Each structure stands twice: as C-alpha cells, then as structure tokens.
1. Name the residues in the stretch 93-103 that are surrounded by fewer than 17 Cβ atoms within 10 Å (Cβ to Cβ) and of a type in the set (A, V, I, L, M, F, W, C), would you?
2. If the requirement is being of a type in the set (V, I, T) and under 16 Å from H14 (Cα atoms), which of these qualifies: V34, V58?
3. Search the stretch 94-109 for residues that are more than 12 Å from H136 (Cβ to Cβ) and pair each with any residue that is hydroxyl-bearing (S, T, Y) and open to solvent by 60 Å² or more (accessible area, probe 1.4 Å) when their beta-carbon atoms are under 8 Å apart and the residues are at least 6 apart or on different chains.
4. When you scan the stretch 84-92, do you find a residue that is loosely packed, with under 13 Cβ neighbours inside 10 Å and more than 23 Å from V149 (Cβ to Cβ), even just one?
5. Within the set of pairs 6+ apart or on separate chains, which have a first residue in the stretch 47-63 that is touching a residue at least 60 places away in the same chain (Cβ under 8 Å) and crowded, with 18+ Cβ neighbours inside 10 Å, a second that is among the aromatic types (F, W, Y) and in a helix (DSSP H, G or I), and C-beta atoms under 6 Å apart?
6. If a residue has to be open to solvent by 40 Å² or more (accessible area, probe 1.4 Å) and either free of Cβ contacts under 8 Å to residues at least 60 places away in the same chain or assigned to a helix (DSSP H, G or I) (or both) to count, how many in the stretch 6-33 make the cut?
Amino acid sequence: MKTIDYSASQKILHALSALMIVWLMGSGFYVRLVSEAAPYKDVIGNFNVSLGLLLIPVFIVRLSVSFGRGCPVTVDVNNLIPWLAFIIHTMMYLTVVTVLVSGVLMMDKPIVFFNVVSVPQSVDNSEVQEVFALMHTQACALLMLLVCVHLAAVIKHHCSGRPIFKRMFS
C-alpha cells in the first residue's frame, strides 16, 4: 500500500486543529453536563466560544492545505480500506464545519472574542437559534464518535506495523 508523505504545514495544522478540537469537545461536554453553579463554567464557556471562533480560520487553512495537495485515494484502488479512510476523513471535515457554523449561529448574545472584540450575533430569532443549538449538539456527538473511530484506526495501523502516528507527528 502506498504511504502518504505529509507536509510540515499539514502536520502543524493537524496537530493544532486536533488539540483545539479535543479541548473544545472535552470542555464543551463538561460545560454542557455540569450544574449551573459549577466553578469555572462561565470562564470555560467564554474561552470555548473564542477558541471555536479562532478555529474557523485555522480549519479553513487546514482544508486548503490538505485538499490543495490532492486526494490520496485514486480511482484504480481496489482496496476498500483507503476508500473507507477517505469517507471517514471527509465526514470528520464536514462535521467540524457543521459544529463551527452551528456554534456561531446558535449564539443568543454577541460573541466576545478573548475579551478583545465583540462580534454581533448572527441570528436574532430564538427558535432558529434553538435549531442551530440542537444541530450543534448532535454534530458534536457525531464528531466525538468519528474521532474515536479515527483514533481506533490509528491504533490498529500502529499495531499492524504501519506507524501513522509517527509519520504524522515527526
């Protein structure tokens, strides 16, 4: 099977966006599941909104760099595994975009970006905001599932002698 050589920019953008997404998912589920009186809930929530907003341009650049190099899956590949990997990666990319867009559109107040800039809310209708909030929650759950599948594949490849993790981060 042909291996993929990742560029330095792909590796950096992958690591940066992965760290941001893992933080946002973990702390986002924490904020969503703990009681209103929990310490640091508002601080984490406000930080997550800013970090999510920061992730948007990072992820756009990541998509541009990744897809700018072309698709590693070729038409003559008869093996199902590369196609499955392509489908899972595409689903992850689309789900991240859905999470980011719905996260902005569900806001019921202006978005304060790291206490520096205030961005007005995009949608004023509370019913529409609720639809985007539901979409955001469901997309976050799907993204968690896809990330787990992605990590399971990395572990499987590593255990079978194909150290993808080493290639991606070295």
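1. L94, V97, V101, listed by residue number.
2. So the residue among V34, V58 that is of a type in the set (V, I, T) and under 16 Å from H14 (Cα atoms) is V58.
3. Close Cβ pairs satisfying both conditions: D108/S126.
4. no
5. Note: no pairs meet the criteria.
6. Residues of the stretch 6-33 that are open to solvent by 40 Å² or more (accessible area, probe 1.4 Å), as a first pass: 6, 8-9, 11-12, 16, 19, 22-23, 26, 29-30, 32-33.
This time we only want the ones that are either free of Cβ contacts under 8 Å to residues at least 60 places away in the same chain or assigned to a helix (DSSP H, G or I) (or both), so: 8-9, 11-12, 16, 19, 22-23, 26, 29-30, 32-33.
Total satisfying the criteria: 13.
The values are calculated or read from the model by the stated rules, or taken from the named source; none is laboratory data. Small disclaimer: the values here were computed from a predicted structure and weren't measured. Don't worry about glycine lacking a Cβ; one is built from the backbone with ideal geometry, like all the others, and counts go over all protein chains shown. Just the protein is used for accessible areas: all its heavy atoms, side chains included, with ligands, DNA and RNA removed. Shrake-Rupley method; radii C 1.70, N 1.55, O 1.52, S 1.80 Å.
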